[in-house]
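A short write-up of the structure that comes next.
Read-outs: derived from the displayed coordinates by stated rules, not from any lab. Bear in mind the structure is a predicted one, so any value in this text is a computation, not a measurement. Glycine gets a Cβ as well: all are built from the backbone with ideal geometry, and neighbour counts include every protein chain shown.
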Amino acid sequence: MKRCKACGETKALTEFYTYPSGTVDSWCRPCKRDYEKERSRRRLDAKGRSRPARWSIPPGKKWCNKCRKVLPIAEFHKRQDWCKSCRSAYATATRTRESQDRSNANTRAWRDRNPERVQELNRAYHKERYARDRDGILALNAASYARHRKARIADAKRWAEANPDRRREIVQRWETEHKWHSRSLRSLGRARRYYRRHGITAEYEYVDLEQLWEESGGTCGICGESIPLDALAFDHIEPLAAGGPHIASNLQPTHMACNAAKDSQTRLTRKS
């Protein structure tokens, strides 16, 4: 242990500089650094020069020895004196074909050894990217689909024909996880096909059947009795055959038997 003559604190010998001759400094390292900075500041002020930015680094930031800028610590890899941008630029400038091939081979080998970790990292990356720029990603996806719609559909059909069992498994799992959404999509699809098959021009839109069911209180729009989920159907108040639209205001939850008994009869109001 040794007592610092500057701050007066007693510290371990490792907190003091040791000269090549074996002599231990009388000031501890923090006091010595502060003294050297202050002495350099006075010299610069006497010459009319400004202090380097690295002398006044706020908490949470770090000095890059390459670009000589004070940057957030997040811009540095662990235990590195160059920021990520400088390291990337240096690696690009000094990269050779052999080193690139070697790096790619190492990356592929690691991915082959750690498939679960790769999947986890990919999911985390895309989740974070989607949360950061949801609207931008959706716009890019929509624009890409619009440009390549026919090719996307053709690719999907070819894949489905080549992998029928896998397709059936994916569809069943998705419908199990999204029962109401799946039912809403099927209802919309049936209405659109009916209009197209019979040459009917009518309004249609996606209707959230789960929300419609909750708003009705689980009662039948025809008989007024409660409906168990295994006997639930949705009826078009103004039938599709009469040109009725597929919209929320023209749909009501009913019993399957009540819906079948009504058939194509027109009913313009719901029973309260």
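Taking amide H as placed 1.01 Å from N in the peptide plane, Asp81 has no amide H partner under 5 Å among residues 5 or more places away or on another chain. Residues whose amide H lies under 5 Å from that of Lys69, counting only those 5 or more places away or on a different chain, are Cys64; hydrogens are built 1.01 Å from N in the peptide plane. Around the amide H of Gly221, modelled in the peptide plane, lie the amide H atoms of Thr254, His255, all under 5 Å away and 5 or more residues distant in sequence or on another chain.
Packing-based ranking of 14-25, 219-230 yields 219-230, 14-25, ordered from highest to lowest mean Cβ neighbour count within 10 Å.
The phi torsions of region 234-248, fed into the Karplus equation with coefficients 6.51, -1.76 and 1.60 and a -60° offset, translate into couplings of 10, 10, 7, 4, 9, x, 4, 5, 8, x, x, x, 9, 9, 4 Hz, rounded to whole numbers, with Gly and Pro shown as x. Per residue of the chain, the DSSP helices (runs of n ≥ 4 H) give a summed -39500 (n - 2.57) that works out to -17000 deg cm²/dmol at 222 nm. A protection proxy built from the mean count of other Cβ atoms within 10 Å ranks the segments 191-201, 177-187, most packed first, as 177-187, 191-201. Placing pseudo-labels 7 Å out from each Cα toward the beta carbon at Thr14 and Arg190 gives an inter-label distance of 7.6 nm.
List residues of region 55-74, by number, whose backbone nitrogen lies under 11 Å from a label position 7 Å along Cα→C-beta of Ala93. Output list for this probe position: 66-67. Within straight-line reach of Lys157, meaning a Cα separation under 17 Å, sit the following aspartates and glutamates at least 8 residues removed in sequence or on another chain: Asp165, Glu169.
With respect to the cross-link table entries Lys37/Lys62; Lys37/Lys61; Lys37/Lys84; Lys5/Lys37, which display a Cα-Cα separation exceeding 21 Å? Too far apart for the 21 Å limit: Lys37/Lys84. Answer with a single label: of (1) 86, 37, 28; (2) 106, 51, 41; (3) 59, 37, 29, which was calculated as Cα extents along the principal axes in Å from the structure in view? Checked against the structure: label (2).
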